[in-house]
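In what follows, a structure is listed as structure tokens, so that the remarks can point back to it.
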Amino acid sequence: MNSTSNQIHFSKEELDAETNRLFASLSHLGWTKEICQTYASLTLEINLLKKEKNAIILAHNYQLPEIIFGVSDFVGDSYQLSKQAAQTSAETIIFSGVRFMAETAKMLSPKKKVLMPSPDAGCSLAESISAQDVINLRKQHPDAAVVTYINTYAEVKAESDVICTSNNALKIIESLPNEKIIFLPDKYMAQNLAKLTKKQIIGWEGLCVVHEEFSPQKLEAYRRFYPEAKILVHTECSPAVVAIADLAGGTGEMQKYVSNSSANQFMIVTECGLSDKLKVEFPKKKFIPSCGLCPHMKRNDLRNILKALKNPSSDQFVEISADVARRAQKALDKMLEFA
Ligand code: 13P
Ligand code: SF4
């Protein structure tokens, strides 16, 4: 390796070794050595800079395979990533996910530098609701507790009582003394939760652009065609889709199900990044194509990760006003009590 004008050059041996390292994982997705070779100098440079700058890369389960298997330090669901962000000793967190996740990391680790490779990676759920909407709902239902899904922006979290993820939403609802719960902003998740609790759930009109597309008719047809397959769906899917599934949960629960199951065929009804990850981690199991692409999650790539590490632009830094962060952090801290 040598360095000229800000550009690092790696030796042929270094590049070959890196190509082989990537190929060991990514060949399970049908990637050739030639494809892996095109990524090798980028992954080498990113991994080198991470050490130099005492940075870690947190990647959501939906990220591209070259990010997950090439450069990430920790991969997980929203809850697991929040925990990692709160616990890390690294000085800088590069968050390969979407804005609400990077904001959460910043609020849980306020002294750390948090950077987003793609600053415009949003989320249709987060964009469906404002802080003023929460204030109005509270006025309409003064006796209700506000339980807010993590897929919201900091200002909305700041107006909430507790934040939850798909894996602890029910536990949190049941733990509260209130009989009435305002659950925001995912309409389908609120309907799915209402079936599992005796409490009154007041929902909102938010929907995920990926999960609203899955239809029960399509899943029924798959079920007939692949009777052996276990159908795992995200709880952001409609109640009609959830009714057909063997498991409805978050991405972490889906991963755990595949890992513990003796079944050999699975339909992973969520964003495609998770089934790609599972194909690599469980090469002997069969995954029937059944996913959709999130345009926000897929904005991150190795090039914008490298930029965030090497020479970040001002909009890649995640900053939250002190007052919003303080109020949102209270609601987030309560979430972390529920594994
Ligand atoms: P998980 O917390 O299940 O990983 O979900 C995040 C998300 O954005 C789902 O679409
Ligand atoms: Fe938001 Fe849906 Fe994308 Fe998840 S998959 S980040 S909920 S738009």
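Taking every residue in the stretch 193-211 that is over 21 Å from Leu247 (Cα atoms) and pairing it with any residue that is crowded, with 18+ Cβ neighbours inside 10 Å and among the polar types (S, T, N, Q), at least 6 positions away or on another chain, the pairs with Cβ-Cβ distances below 6 Å are Gly206/Ser128.
In the stretch 294-322, the residues that are over 20 Å from Phe100 (Cβ atoms) form Cβ pairs under 7 Å with partners that are outside any loop (DSSP other than H, G, I, E, B) and within 16 Å of ligand 1 (Cβ to nearest atom), at six or more places apart or across chains, as follows: Leu302/Ile67.
When the residues of the stretch 150-180 are filtered to those that are within 16 Å of ligand 2 (Cβ to nearest atom) and open to solvent by 10 Å² or more (accessible area, probe 1.4 Å), the one that is farthest from Glu236 (Cα to Cα) is Tyr153.
Scanning the stretch 218-246 for residues that are touching an Asp or Glu at 6+ places or on another chain (Cβ under 7 Å) and closer than 17 Å to Lys286 by Cα yields Lys230, Ile231, Leu232. Selection within the stretch 57-79: residues that are touching a Ser or Thr at 6+ places or on another chain (Cβ under 6 Å) and of a type in the set (A, V, I, L, M). The member of this set that is farthest from ligand 1 (Cβ to nearest atom) is Val71. The set of residues from the stretch 78-120 being within 16 Å of the chain's Cα centre (by Cα) and polar (S, T, N, Q) comprises Ser78, Gln80, Ser82, Gln84, Ser96, Thr104, Ser118.
Conditions tested, residue by residue: (1) within 12 Å of ligand 1 (Cβ to nearest atom); (2) assigned to a helix (DSSP H, G or I); (3) β-branched (Val, Ile, Thr); (4) open to solvent by 60 Å² or more (accessible area, probe 1.4 Å).
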residue: Cys208; (1), (2), (3), (4): yes, no, no, no
residue: Gln217; (1), (2), (3), (4): no, yes, no, yes
residue: Tyr222; (1), (2), (3), (4): no, yes, no, no
residue: Met254; (1), (2), (3), (4): yes, yes, no, no
residue: Val258; (1), (2), (3), (4): no, yes, yes, no
residue: Pro283; (1), (2), (3), (4): no, no, no, yes
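The values are calculated or read from the model by the stated rules, or taken from the named source; none is laboratory data. Because the structure is predicted, anything quoted here is derived from the model rather than measured. Counting neighbours? That spans all protein chains shown, and the Cβs are built from the backbone with ideal geometry, glycine included. All accessible areas refer to the heavy atoms of the entire protein, side chains included, with ligands and DNA or RNA removed. Shrake-Rupley method; radii C 1.70, N 1.55, O 1.52, S 1.80 Å.
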